[in-house]
1. Can you give me the ranges of the strands (runs of 3 or more DSSP E) entirely in segment A:143-219 with at least 3 residues that are of a type outside the set (Gly, Ala, Ser) and out of contact with any helix residue (DSSP H, G or I) (no Cβ under 6 Å at 6 or more places or on another chain)?
2. Which numbered condition trips up A:VAL241, out of (1) assigned to a helix (DSSP H, G or I); (2) at pLDDT below 85; (3) aliphatic (A, V, I, L, M)?
3. Only one of (1) within 14 Å of chain A (Cβ to nearest Cβ); (2) open to solvent by 50 Å² or more (accessible area, probe 1.4 Å) fails for B:LEU66. Which number is that?
4. Of the residues that sit in segment A:76-88 and are surrounded by 24 or more Cβ atoms within 10 Å (Cβ to Cβ) and away from ligand 1 (no atom under 16 Å from the Cβ), which one is modelled with the lowest pLDDT?
5. Based on what the data block shows, is A:LEU104 more than 16 Å from ligand 1 (Cβ to nearest atom) and more than 8 Å from every other protein chain (Cβ to nearest Cβ)?
6. Which of (1) touching a helix residue (DSSP H, G or I) at 6+ places or on another chain (Cβ under 7 Å); (2) away from every other protein chain (no Cβ under 14 Å) does B:ARG132 not meet, given it meets every other one?
7. Of all residues in segment A:6-15 being more than 9 Å from ligand 1 (Cβ to nearest atom) and more than 12 Å from chain B (Cβ to nearest Cβ), which is farthest from A:GLY185 (Cα to Cα)?
8. Please find, within segment A:166-195, the residue that is nearest to ligand 1 (Cβ to nearest atom) out of those that are crowded, with 16+ Cβ neighbours inside 10 Å and within 14 Å of chain B (Cβ to nearest Cβ).
Amino acid sequence: MPPAIEADGLVKRFGATTALAGASLSAAEGTVLGVLGPNGAGKTTATRVLATLLAPDEGRAVVGGYNVITEPHRVRSLIGLTGQYAGVDEALTGTENLVLIARLLGQGRAAAKARAADLLGQFGLSDAAGRAARTYSGGMRRRLDLAASLVGRPRILFLDEPTTGLDPASRNELWGMVRRLTDDGVTVLLTTQYLEEADQLADDIVVIDRGAVVATGTPDDLKARAGGAVLQMRPTDPGQVAVVTRIAGELAGSTPTVDQDTVSVPAGDDALMPAVVRRLDDVGVRLAELTLRRATLDEVFLALTGRHAVPGSSTDSDSTTDRELV
Amino acid sequence: MTLDRTLAGRPAADLPAAPPPPSRRATPAQWASQSLTMAWRSLVQIKHNPSELLDLSIQPIMFVLLFTFVFGGAIGGSTDAYLQFSLGGLIAQNALFLTVYTATGLATDLQKGTFDRFRSLPIARSAPLSGRIMGDVVRQLWSLVVLLAVGVALGFRITTSPLAVLAAFGLLVAFTVAFSWTSVLLGVLARDPEKVQIYGFTVLFPLTFASNAFAPTQTMPDWLQAWVSINPVTRLADALRGLLVGGPVAANVVATLLWGVAFAAVFGPLAVWALRTRV
Ligand SMILES: Nc1ncnc2c1ncn2[C@@H]1O[C@H](COP(=O)(O)OP(=O)(O)OP(=O)(O)O)[C@@H](O)[C@H]1O
Ligand SMILES: [Mg+2]
């Protein structure tokens, strides 16, 4: 089956800024493609190109079997879009916002009202249905915006950072909703800065940085590529963090990262853990915690781009630790 | 494989249970219905914000009262005579001021993601714009009725036929719709709804006041008269006067319509171009 979303060599420049520098991606029908990247990576630009809002300078994109440039109207009849900035009309009520979309899509008055009520219920907005969206909280607006993108029962859904600003409960609900949609065969392209989100939801991940794809694969592929396992140690005496860092670094042959009192180092082979334990025992360091875990996507991102995906996310203290060690 | 399918312009026939391909573009009937829906959208909010109706009424009422009672005696000899002269001008001025609504609304839609949402829907590309303008025409008519009612309450006498009054309504709508293209351009370029008001009024104040809307042309210096006599606001005001209280009509109506055509011809393409490049 042809991919539901396919982009090939997309280039988009804004003046001197190159927002997309030859990005290619593809999503099979009924799967979730996670587009991951830091601020300014080009996620929104890529989404806007695929959702027919923006013409690329170079490259081509096919969505639902139709070229986004030559047959935008057909693409639009297959897609739903929730942009990064809420597209609701704040002067209208929740119901009116959804009825508006339904009516624009050609639904009758009664059908439009029923669809609106149904979606408002699904997104926990029934109580606020008759209030102007202006009075909604940020998270409620976000949910209304998501509901609006589902009015036309799209086969392909673009979600640009859909959970930014949502509380954990709403985020979980949204994840559940995305899973239900894909069960029904809907294809979802979701951009996010949350590695956990991509890990939870995405069948495939595209990591983009400065407009170019730096890695693609399943979440597991990407983690494996970053070295697979990570050995994580926390000494009982926080004063011994430096010693642990030095020893772990020596044995692993790479620079550990330090987050508070926990030292993490890529565990290339199985022999690392016993070796570290023995050496630490020899020098009299006692560990309160010792775990061998798989790499997180943040570590993957760090390995791929040399930067953390989310600034200040976890192990930003590593550079200072290096200096202390010297 | 996918690329081939796309070049062919339709999904391959051998796909299982392929739904009929979606249409290539919206039909004129769909455009009309979508525009009406958009117009509904622009008006239904008044239900939640009824004070907007007051906004639409207070400023025209205030202008009628102030001009009639403050300047009326000085300019027109008596407040009664002045009202017969000025109401046509007040209607023209108010109508132009109201076109700023179109710009503010559009700028808001562009600033929030609302316009993007509309553009991601399989609807006629112009429906968001035409719907907004339709909604603003209703605002124009409301304001016009308020102005006429207040005018009549203060002693303004319509001395022509109902048909002429209807023609006045029609002319006003036709001109303001054409003039709205300037507003569309402003809304696209301003980027910020707050700035729209400032930009709008810096153009509209001189345009409407440097006309014969409030004072007869003969009282002005020669250099100003030259401009005032061709100013579209003057021609519109004179046409409205002719249609409401009598006087020359044909030449002013034609001049007004020509101005309308000129505005649409210049600002229409500019606005469409700005909208295309902006988004
Ligand atoms: N309309 C525009 N005009 C000028 N530059 C733009 C425009 N849109 C995007 N850019 C630039 O293109 C680059 C990519 O932006 P984009 O919004 O696609 O990034 P993003 O990955 O979505 O970032 P974020 O995580 O902050 O949403 C940025 O450098 C941005 O400043
Ligand atoms: Mg973005």
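The values are calculated or read from the model by the stated rules, or taken from the named source; none is laboratory data. Computed from a prediction, not measured in an experiment: that's the story for all the values here. For neighbour counting, all protein chains shown are included, and Cβ atoms are generated from backbone atoms with ideal geometry for every residue, glycine included. Note: areas computed on protein heavy atoms with side chains; ligands, DNA, RNA excluded. Shrake-Rupley method; radii C 1.70, N 1.55, O 1.52, S 1.80 Å.
1. Numbers: elements: A:156-160, A:187-192, A:204-209, A:212-217.
Those strands (runs of 3 or more DSSP E) span A:156-160, A:187-192, A:204-209.
2. (2)
3. In the conditions (1) within 14 Å of chain A (Cβ to nearest Cβ); (2) open to solvent by 50 Å² or more (accessible area, probe 1.4 Å), B:LEU66 misses (1) alone.
4. A:VAL88
5. Working: more than 16 Å from ligand 1 (Cβ to nearest atom): yes; more than 8 Å from every other protein chain (Cβ to nearest Cβ): no.
Criteria not met by A:LEU104.
6. (2)
7. A:VAL11
8. My answer is A:LEU189.
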